[in-house]
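Worksheet for the structure shown next.
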Amino acid sequence: MQCSTATPGTEEVVIPGVRVCTINELIERKFPPREVLLSPWLRRQELAMIHAWRGIGKTFASLEIGYAVSTGGRFLGWQAPKPHGVLYVDGEMPAVTLQERLSRIITSEDLEPTPEMFRIVTPDLQDICVPDLATTEGQALIEEAILPETDLIILDNISCLVRRAGRENDSESWLSVQEWALKLRSRGKSVLFIHHSGKSGAQRGTSRREDVLDSVLALRRPQNYEGQEGCSIQIHFEKARGLSGPDVEPVEAKLITRPDGTRKWEYHAAEEGIADAVVEMVHLGMDRKEIIRELRESYGKSQATAYRLTEPFFKKPSQ
């Protein structure tokens, strides 16, 4: 289908229009399968976000994810079937800090990436500053760094990399970045946005950011967390398109330093912490529907799991 524009006395200009197919044509069309980059949630053409309050550990987690994807390694219970190219765009961290964190990951893991599989943009190596992804010029500069083998682009973080888009809660300000992310997805690329959480616990700014995302992960402190514990987090799926059940259950993880200075992540299901949260909500006088809604929206629980967790507190007396 084509569109044409012409005024009297001028030459007609033909503009490509919207491509349309029938239902049978779509079903019969051979599309390449969405390859898994980090099982089960991070797939090819994925648009995802991790958000957390400052200091929780979102950069620790995003570096580990990038490293696992680039080496065919593992982070927590998530496994990369094989190595995929990663471009990590950092917007605020001093290069020496980034160097230290990556060095510790390398010495703590069994696998090392080939150099071209994990590539980094860091502010300290730029002549001026990192590109502003709210502008087409900034987007073009990052695209120049995307190689054919780059399958995952990690943008850490939105506040530092998207600077001229206007107010964070203005939905229109996100459109240029969203359109760029969709173009990258159409080219087979995956994009992982790293962002801050707001006071409500949701990602900071306009909720429109989440409309096109396949996955949204929130990092939170475990209940009864104490500062001397270091990096200790709970990971909650707030949105997980195409996933359900155990794949989206919250995980509690802690970064442990071994006697030799290397590090490892210990992790387990975060069921216990959620049970404590249910007790607190019951004591606050919330009814069962309100608690189930909170478990689904804030903790990523399925309807069935939320119902089970509330059952002991609202069980009807036997007749």
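So is A269 touching a Phe, Trp or Tyr at 6+ places or on another chain (Cβ under 9 Å) and either under 24 Å from P246 (Cα atoms) or at pLDDT 85 or above (or both) or not? Reasoning before the result, please.
Numbers: touching a Phe, Trp or Tyr at 6+ places or on another chain (Cβ under 9 Å): no; either under 24 Å from P246 (Cα atoms) or at pLDDT 85 or above (or both): yes.
It is false that A269 is touching a Phe, Trp or Tyr at 6+ places or on another chain (Cβ under 9 Å) and either under 24 Å from P246 (Cα atoms) or at pLDDT 85 or above (or both).
Among the residues that make up segment 199-212, is at least one of them of a type in the set (V, I, T), assigned to a loop (DSSP other than H, G, I, E, B) and exposed (fewer than 15 other Cβ atoms within 10 Å of the Cβ)?
Checking segment 199-212: at least one residue is of a type in the set (V, I, T), assigned to a loop (DSSP other than H, G, I, E, B) and exposed (fewer than 15 other Cβ atoms within 10 Å of the Cβ).
Could you please find all residues in segment 127-155 being assigned to a loop (DSSP other than H, G, I, E, B) and exposed (fewer than 15 other Cβ atoms within 10 Å of the Cβ)? Can you show your working first?
We begin by selecting, within segment 127-155, every residue assigned to a loop (DSSP other than H, G, I, E, B); these are 127-135, 145-149.
Hits for segment 127-155 are D127, I128, C129, A145, L147, P148, E149.
If I go through segment 220-261 residue by residue, how many of them are on the phi > 0 side of the Ramachandran plot and either in a loop (DSSP other than H, G, I, E, B) or basic (K, R) (or both)?
Qualifying residue count, segment 220-261: 4.
Looking at segment 94-126, which of its residues are under 22 Å from the mean Cα position of the chain (by Cα), within 22 Å of F75 (Cα to Cα) and part of a loop (DSSP other than H, G, I, E, B)?
P113
With the requirement that a residue be under 18 Å from G201 (Cα atoms), touching a residue at least 40 places away in the same chain (Cβ under 8 Å) and not polar (S, T, N, Q), what does segment 49-60 give you?
The first filter runs over segment 49-60 and keeps only residues under 18 Å from G201 (Cα atoms), leaving 49-59.
Keeping just the survivors that are touching a residue at least 40 places away in the same chain (Cβ under 8 Å) gives 49-54, 56-59.
Hits for segment 49-60 are M49, I50, H51, A52, W53, R54, I56, G57, K58.
The values are calculated or read from the model by the stated rules, or taken from the named source; none is laboratory data. The structure displayed is predicted, hence computed values, not measured ones. All Cβ positions, glycine included, derive from the backbone under ideal geometry; neighbour counts span all protein chains shown.
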